[in-house]
Structure formats: C-alpha cells, structure tokens
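Chemist: My questions will all concern the structure given below.
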C-alpha cells in the first residue's frame, strides 16, 4: 500500500474515533441532564400522591405476578414469601416451575401446603406441556398459584403464566427478586396516571441486594456488597437505571424493560404473541414488538418507568457467571436489533427509529466491538511506529476522566435522591470502584460482549444458560 494512502487511512481512523467519542460525550451529557430533570419532576409529582388510597380502593385493577423458577430450591420459599407479603389486595402470585431438576417444587409444596387442582388450559396456546397446577389448602396462601411444566426456558414459562392469568395486568419478574412491600402500588399508579395515552408497560430500577439481610422475605437491612464483582455491578446498575433509562423515559423512547421487574398490559402482550421463545433477550424483544404494534396502528401509548428502589436482586459474584450473563445479553441484543432492523433511522417510528434504535446499534452493540478491535489496533500501530502517541494519550485521558465523572455523578445523585447507602465508607468504596473500573471490570464486560457476538454471528450453539444462586443472607 502506498505510504500516502496509508497515512490518509490512519488519519481517517483517528477522525472516526474522535467523532465517535465526541458524540458519546454529548449523548451521555444530555442523558445526565434529562435524567436529572425527569427525576426531580418525578419526585415532586409523587410527593402529593397517597398510595394507601390505591391499596384500599375496591376498584384497584387485578395483577398477576409471574415468576419463572428453574432449580431455585435454595431460595424459592423465601422468595415466594416476599411476593405474598406485598401491600396490595387484588393480586395473585403465579410461580411457574419450569422443569426444575432439584427440590424447587417439593419445597413449595411443603412450605405452602399445596395440592393439585383442576385448571382450564387452552390447547391452542403454544407452550411446553403443563404437568399440574397447584394451590394452597391454607387460606393465608390463597394468592399463590404454582404451575408445574416441562422445561421450555424463561420465555416459555412467562408465556404460560400470561396465558393462564385472567387479570388485567401481568408482572414478569425473576423469582429471586425481593420487591418492596408497596411495589405494586407504584406500578398501579403508573398504569393509571395517564389520561391521553394508554400505558402498555411499566418498568423499574433494579437494585443489588448481595450481602443485604432479609427476614421473612422482606429486605431488613441494605448493605454494600462484600464481593468486588457485585460492587462493580452495583455501580453499573446505578448508572444504567438511574441515569440512562431515566433519560430515555423522559423522551418516551425506552426500548428495554428489565426482565427482573416488568409489568405489562396483558391484552397488548397477548396481541403481540407474548415473549419470543427463540431469543435469549426476551425482555428487550417484547418491548420492541409492543411498541411496533402500537406505532403501526397509530394508537396513542406510552411506557412508564419507576426510579424508586422497588426491586432488589442477587447479581453474579463469580467471573464465570458474570461472563455467561453478559454473553447472553450480547446475543439477545444482537438478535433483537437484527429482527427489527427496519427501524434503523426509520422516521415512521419517530424517536424510536431516529434516536433509540441507532443508540442501541452504535453504543450498545458496536461500541464493545470497536473497543476490542481498537485495543489490538493500538498495539499493532505502536509496533509499526505509526501510532500518534499524543492523540492516543489525549483521547484516552479524556475518556477516562469523563467516565469517572459520569460515575461519580451517578453515585452522588443516588445519594441525594434515595440515599440507600448512608455510610461514608460505602460511598468512598463505590467511588474507588469508579476509578479502577475501566481497567478491571469494564474489560471483562467487553470480552463477554465479544464472546456473545462471536457465538451469535458464527452460530455457535448456546442457550440461555444456568445461573447459580448463592442466596440472600438471613437475620
């Protein structure tokens, strides 16, 4: 290759990385502003709401909480007890035992005195066969329904619950999550606070419960995780949920509701066919389809997001489990983006096509690939003697400084807004995590995304995978 042409190529790559970085900084700064403004508006608006009136109202809508369970014997009893203790009248808890090979079902039968009952099941609904439906003999557990079925994966289990439910709304959560007692009151308020638009889904922030203590299925004491991987994930979740998703919610362009805490208008969920059982990113994919469904019919709608700390979950504490989780997220992301590729810069879908989809394409899917290839390119350019060292150091220091500032802002805004971690030591530890994250945790996340994309692009067989639960600490 001609040297002048090669130099032009190098300069072109420098410009591409510079533009990519500037756009990234701009978008994250705007997201910080939008999320802050939206959070302040949310807090002011909800300071006048009396949630107890919703709980006491006989007109409160019916909700089914669907919790898939696969080999959750270690924590299933405590987790179900948590779901049964929510401050709401008109709801039921439907645990779908998705072909567990451990003592998950038996533990529930013993703890809640379950017996098999007759249930009308639509044979036309496409899910794995149901082996039995159980209800408790005890009146105090009358809200509990347990579905025992053959293993079909999380999406299949959720679809089973959606089909068997008869209530207006369905909440699809992870069975290991602990919900705050007033969680359903916030959800119902979100469904009913709009008058001009139909609320088709409600999502919420996910909090990290590792090392916290529970009693009787209730979170009694919030503690900073002892495990360093969990601490990094806590920082990551704070940025993602409190700033990122809050910003997208402010412009009604949220494209994902976490599978750990998502509530849907059952009618719309059924109209789009429920969850897609062929993807591992089922939580993102169903939101895409529900939004498309409403857009294509030109029906006024919205998706609400709740920033209050209502849902607490256990995150992976081992490198293997974390990599498997992020590998799966990357595959699910790519599957969903490919399925809905016609939305890319498509004005037909409004802000979703012009802003949301391109953001997910460039900065959720493409960014890890650019980081990975960029790392090796830098090494190659250095040994070839063509690395512009001044430019490289300048942009690296700038990116590093900006990432720390953004993380610091997320931590401090969380302290100001909800103050879950009151000890100064805990805040300092999170800030230390922000400083070392780019060199420790972030490369692991990038590698996981590369592995997931490689599996998907080269059709390496890989399913949803298993997640080993450690279980919450008990008082």
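The values are calculated or read from the model by the stated rules, or taken from the named source; none is laboratory data. For clarity, every value in this text was computed on a predicted model and none was experimentally measured. Cβ sites come from the backbone with ideal geometry, for glycine too, and all protein chains shown count toward neighbours.
Chemist: Looking at (1) modelled with pLDDT under 95; (2) assigned to a helix (DSSP H, G or I); (3) under 30 Å from residue 282 (Cβ atoms), which is the only condition residue 465 fails?
Modeler: (2)
Chemist: Further question: Say we look at region 166-195 and pick out the residues that are in a loop (DSSP other than H, G, I, E, B) and under 20 Å from residue 77 (Cβ atoms); which of these is nearest to the chain's Cα centre (by Cα)?
Modeler: Narrowing region 166-195 to residues in a loop (DSSP other than H, G, I, E, B): 166-168, 174-177, 180-182, 193-195.
If we keep only those that are under 20 Å from residue 77 (Cβ atoms) too, we end up with 174-177, 180-181.
Numbers: 174: 10, 175: 14, 176: 14, 177: 12, 180: 17, 181: 20 Å.
That would be 174.
Chemist: To continue, here is another question. Show the residue pairs meeting these rules: Cβ distance below 7 Å; 6+ apart or different chains; first residue within region 380-393 and at positive phi; second residue surrounded by 11 or more Cβ atoms within 10 Å (Cβ to Cβ).
Modeler: Listed by first residue and then by second, the contacts come to nothing, as the list is empty.
Chemist: Right, something else. Exactly one of (1) closer than 30 Å to residue 279 by Cα; (2) surrounded by fewer than 17 Cβ atoms within 10 Å (Cβ to Cβ); (3) at pLDDT below 95; (4) touching a helix residue (DSSP H, G or I) at 6+ places or on another chain (Cβ under 9 Å) is unmet by residue 442. Its number?
Modeler: Among (1) closer than 30 Å to residue 279 by Cα; (2) surrounded by fewer than 17 Cβ atoms within 10 Å (Cβ to Cβ); (3) at pLDDT below 95; (4) touching a helix residue (DSSP H, G or I) at 6+ places or on another chain (Cβ under 9 Å), residue 442 violates only (3).
So that you can scan it fast, the table gives a plain yes or no per residue for (1) surrounded by fewer than 17 Cβ atoms within 10 Å (Cβ to Cβ); (2) assigned to a helix (DSSP H, G or I); (3) in contact with a strand residue (DSSP E or B) (Cβ under 9 Å, 6 or more places away or on another chain); (4) at pLDDT below 95:
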residue: 44; (1), (2), (3), (4): yes, yes, no, yes
residue: 54; (1), (2), (3), (4): no, yes, no, yes
residue: 73; (1), (2), (3), (4): no, no, no, yes
residue: 79; (1), (2), (3), (4): no, yes, yes, yes
residue: 89; (1), (2), (3), (4): yes, no, no, yes
residue: 101; (1), (2), (3), (4): yes, no, no, yes
residue: 108; (1), (2), (3), (4): no, yes, yes, no
residue: 126; (1), (2), (3), (4): yes, no, no, yes
residue: 131; (1), (2), (3), (4): yes, no, yes, yes
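Chemist: Only one residue in 349, 408, 372, 381 is at pLDDT below 95, more than 27 Å from residue 252 (Cβ to Cβ), in contact with a helix residue (DSSP H, G or I) (Cβ under 7 Å, 6 or more places away or on another chain) and surrounded by 14 or more Cβ atoms within 10 Å (Cβ to Cβ), so which one is that?
Modeler: On the way: 349 fails: more than 27 Å from residue 252 (Cβ to Cβ); 408 fails: at pLDDT below 95; 381 fails: in contact with a helix residue (DSSP H, G or I) (Cβ under 7 Å, 6 or more places away or on another chain).
When all the criteria are applied, what remains is 372.
Chemist: Take the conditions surrounded by 14 or more Cβ atoms within 10 Å (Cβ to Cβ) and in contact with a helix residue (DSSP H, G or I) (Cβ under 9 Å, 6 or more places away or on another chain) and apply them to residue 163. Does it pass?
Modeler: Values: surrounded by 14 or more Cβ atoms within 10 Å (Cβ to Cβ): yes; in contact with a helix residue (DSSP H, G or I) (Cβ under 9 Å, 6 or more places away or on another chain): yes.
Considered against the rule, which asks whether it is surrounded by 14 or more Cβ atoms within 10 Å (Cβ to Cβ) and in contact with a helix residue (DSSP H, G or I) (Cβ under 9 Å, 6 or more places away or on another chain), residue 163 comes out as yes.
Chemist: Shifting gears a bit: State the number of residues belonging to region 192-207 that are at pLDDT 90 or above and closer than 15 Å to residue 308 by Cβ.
Modeler: 6
Chemist: Moving to a separate point now. Among the listed residues 303, 386, identify the single one that is outside any helix (DSSP H, G or I) and at pLDDT 95 or above. Write out each step before concluding.
Modeler: Numbers: 386 fails: at pLDDT 95 or above.
303 is the lone residue from the list that is outside any helix (DSSP H, G or I) and at pLDDT 95 or above.
Chemist: For region 133-151, name all the residues that are under 30 Å from residue 325 (Cα atoms) and surrounded by fewer than 19 Cβ atoms within 10 Å (Cβ to Cβ). Write out each step before concluding.
Modeler: Step one: filter region 133-151 for residues under 30 Å from residue 325 (Cα atoms), giving 144-151.
Passing the criteria: 150, 151.
Chemist: Can residue 270 be described as in contact with a strand residue (DSSP E or B) (Cβ under 8 Å, 6 or more places away or on another chain) and either in contact (Cβ under 8 Å) with a residue 40 or more places away in the chain or surrounded by fewer than 19 Cβ atoms within 10 Å (Cβ to Cβ) (or both)? Reasoning before the result, please.
Modeler: On the way: in contact with a strand residue (DSSP E or B) (Cβ under 8 Å, 6 or more places away or on another chain): no; either in contact (Cβ under 8 Å) with a residue 40 or more places away in the chain or surrounded by fewer than 19 Cβ atoms within 10 Å (Cβ to Cβ) (or both): yes.
So residue 270 does not fit the description; no.
Chemist: Enumerate the pairs (first residue in region 208-222 and on the phi > 0 side of the Ramachandran plot and assigned to a loop (DSSP other than H, G, I, E, B); second residue anywhere and at pLDDT 90 or above and surrounded by fewer than 19 Cβ atoms within 10 Å (Cβ to Cβ)) with beta-carbon separation below 7 Å, excluding pairs fewer than 6 apart on the same chain, so at least 6 apart or on different chains.
Modeler: 211/223; 211/226
Chemist: Checking the condition within 24 Å of the chain's Cα centre (by Cα) and under 29 Å from residue 431 (Cα atoms), which residue from 362, 375, 402, 391 passes? Break it down stepwise before answering.
Modeler: Values: 375 fails: within 24 Å of the chain's Cα centre (by Cα); 402 fails: within 24 Å of the chain's Cα centre (by Cα); 391 fails: within 24 Å of the chain's Cα centre (by Cα).
One residue alone meets the criteria, 362.
Chemist: So which residues in region 245-269 are closer than 27 Å to residue 43 by Cα, part of a helix (DSSP H, G or I) and over 12 Å from the mean Cα position of the chain (by Cα)? Give the steps one after another, and end with the answer.
Modeler: The first filter runs over region 245-269 and keeps only residues closer than 27 Å to residue 43 by Cα, leaving 245-265.
Keeping just the survivors that are part of a helix (DSSP H, G or I) gives 245-250.
Correct list: 246, 247, 248, 249, 250.
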